[in-house]
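Engineer: Sending over a structure as structure tokens; questions will come in a sec.
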Amino acid sequence: MSSYSVNATQVDDIVTTVQFAKKHNLKFRIKNTGHDYTGRSAGEGSFALWTRHMKGIEYLESFKACPDSNTENVLAVSPATLVEELYAVGAQHGVVTTGGFAPTVGAGGGFPLGGGTGPLGNYLGLAVDNIVQFEVVTADGSKGIVNECTNIDLFWALRGGGGAFAVTTKVYYKTYPAFELVQTALGIVQCATRESWVELITRMVNAQGSLRKEGITGVWQSDRGNLRVPMIFIRPSVNGSAEADSGFRDSLAQFQNVTGCGGTLNLQKFNGPTSWNDAYQKHLMILLSPSLPTGINVGTTSRLISNDLIDDKAKLQKVIEYIINLDPGVSFLWQNAVGDASSKISTEATAVHPAWRNAFAFFDVSVRGPWSGMIGAQSTLLREIQDDADEAFGTAIYYNEMSMLEKDWQNQAFGSNYLRLLETKEKYDPTGVFSCRRCVGSE
């Protein structure tokens, strides 16, 4: 934890805090909502800027970031605006935008800086694909505008390069016309034996490609220790064509009829311009909220799941073996939150790892430990899990949900973009005012 924190409530507070940290060469941290698996927002003996109370959302029509830019209807959000608030304001204006799964994610903080993805990722792209402008405070304590025509290199770095370059005070997200219909399904399937659970996992993994072709995405979790699989499925429609389509229910039946497993998925349908927010608040939160414990010691690692892997039966079998052989008590979470829209973006357009542009999904694995902190057995198990993941999935990771124990984190998080990020860091923060665990330049 930080020794001292400044509760910033306005941009001028951030300016003063950054200038103070720079003047006294302090170990400086930035904390927003605290939704942070990696511990980047904290540090023993550090001096922290806390932006948790800087909330606010503006809906701006026909916004132009630059003279030559296309006009966009945008949502301009302050750092601590939660994604559930973002979805709600979007619904009020008949639009949708990108955001995370968890309601505690701050839409204007580390979420977009590390790439940012969530339930609509394959429809709308990553968060960084939808940002048209930032307002920031830089390392010298100056306020600034960052977009595709002003501070261009910083605009590139902030979109996926992490929090080592500036403090974001406002993020401008593109919006899209609301879905006409959103279908959702959720539930927990409990299996009685390991054999039946393995069959369920096998069906879940092998069905991912065909579900995506039907426009069905979502998230599912598994733990060998309890032999159950909580699952959420989502299918939005921009034209209402799924209204009379029974295919959604039929496609999910395969997960409810495994011999030795029991559980029924609850299916819901939401219509009209508020359909996404209604689906999120009234249905998805039933499973999402209980799955987000706080104040725990959890070591997390992640890997991207490539389109090439999804199309290869032999590689999918390795994935199945990886999941079913995880130690009891280790949680595996598959997130269908990328692909399609994000695959259409150039690998050079933003600072995220180029592998994101060929990603179908990603997963997290979590290893819990005692409240007192990471222990040896926990670290050893996490390292073993990471080594096995390299074999089954490759080494590319999601920066926002990476392990501090990764061997080659610069390449795993940023790939070929890391050297350019270092150059940008040197230009905008030559004295290293902004630092954190496994941030660009933290070597």
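The values are calculated or read from the model by the stated rules, or taken from the named source; none is laboratory data. Computed from a prediction, not measured in an experiment: that's the story for all the values here. Virtual Cβ from ideal backbone geometry, glycine too; neighbours counted across all protein chains shown.
Engineer: Residues to consider are P112, P103; find the one that is in a loop (DSSP other than H, G, I, E, B) and outside the structural domain of A341 (by TED's automatic domain parsing).
Structural biologist: P103
Engineer: Also, I was wondering about something else. Restricting to the stretch 121-162, what's the tally of residues that are in a helix (DSSP H, G or I), over 21 Å from L86 (Cβ atoms) and either of a type in the set (D, E, K, R) or touching a residue at least 24 places away in the same chain (Cβ under 8 Å) (or both)?
Structural biologist: Matching residues across the stretch 121-162 total 4.
Engineer: Output the number of the condition that L86 fails; it satisfies all remaining conditions of (1) over 21 Å from the mean Cα position of the chain (by Cα); (2) under 16 Å from Y176 (Cα atoms); (3) not polar (S, T, N, Q).
Structural biologist: (1)
Engineer: If you take the residues of the stretch 394-431 that are acidic (D, E) and modelled with pLDDT under 95, which of them is surrounded by the most Cβ atoms within 10 Å (Cβ to Cβ)? Talk me through it step by step, then tell me what you get.
Structural biologist: Our first condition is that a residue be acidic (D, E); within the stretch 394-431, this holds for 401, 406, 408, 423, 426, 429.
Narrowing further to those that are modelled with pLDDT under 95: 401, 406.
Values: E401: 23, E406: 20.
Ranking the qualifying residues of the stretch 394-431, first place goes to E401.
Engineer: Residues in the stretch 337-362 that are of a type in the set (G, A, S) and either within 15 Å of N411 (Cα to Cα) or in contact with a His (Cβ under 7 Å, 6 or more places away or on another chain) (or both): how many?
Structural biologist: 2
Engineer: Can you pull out the residues in the stretch 247-295 that are of a type in the set (A, V, I, L, M, F, W, C), part of a loop (DSSP other than H, G, I, E, B) and modelled with pLDDT of 95 or more?
Structural biologist: Within the stretch 247-295, V258, L265 qualify.
Engineer: Here's something else I'd like to know. Does the stretch 181-205 hold any residues that are over 17 Å from P230 (Cβ atoms) and of a type in the set (S, T, N, Q), and which are they?
Structural biologist: Q183, T193, T202
Engineer: Working only within the stretch 343-368, note down all residues that are in a loop (DSSP other than H, G, I, E, B) and buried (at least 24 other Cβ atoms within 10 Å of the Cβ).
Structural biologist: Correct list: T350, A351, V352, H353.
Engineer: Also, quick follow-up: Can you name the number of the only condition in (1) under 22 Å from the mean Cα position of the chain (by Cα); (2) surrounded by fewer than 20 Cβ atoms within 10 Å (Cβ to Cβ) that W371 fails?
Structural biologist: Every condition holds for W371 apart from (1).
Engineer: If you scan the stretch 74-112, which residues turn out to be aromatic (F, W, Y) and modelled with pLDDT of 95 or more?
Structural biologist: Y87
Engineer: Looking at the structure I just gave you, is L186 in contact (Cβ under 8 Å) with a residue 40 or more places away in the chain, in contact with a His (Cβ under 8 Å, 6 or more places away or on another chain) and buried (at least 21 other Cβ atoms within 10 Å of the Cβ)?
Structural biologist: Yes: the conditions hold for L186.
Engineer: Another one. Show the residue pairs that are 6+ apart or on different chains and have beta-carbon atoms under 7 Å apart, the first residue being within the stretch 429-441 and farther than 17 Å from N400 by Cβ, the second being assigned to a loop (DSSP other than H, G, I, E, B) and polar (S, T, N, Q).
Structural biologist: S435/S442
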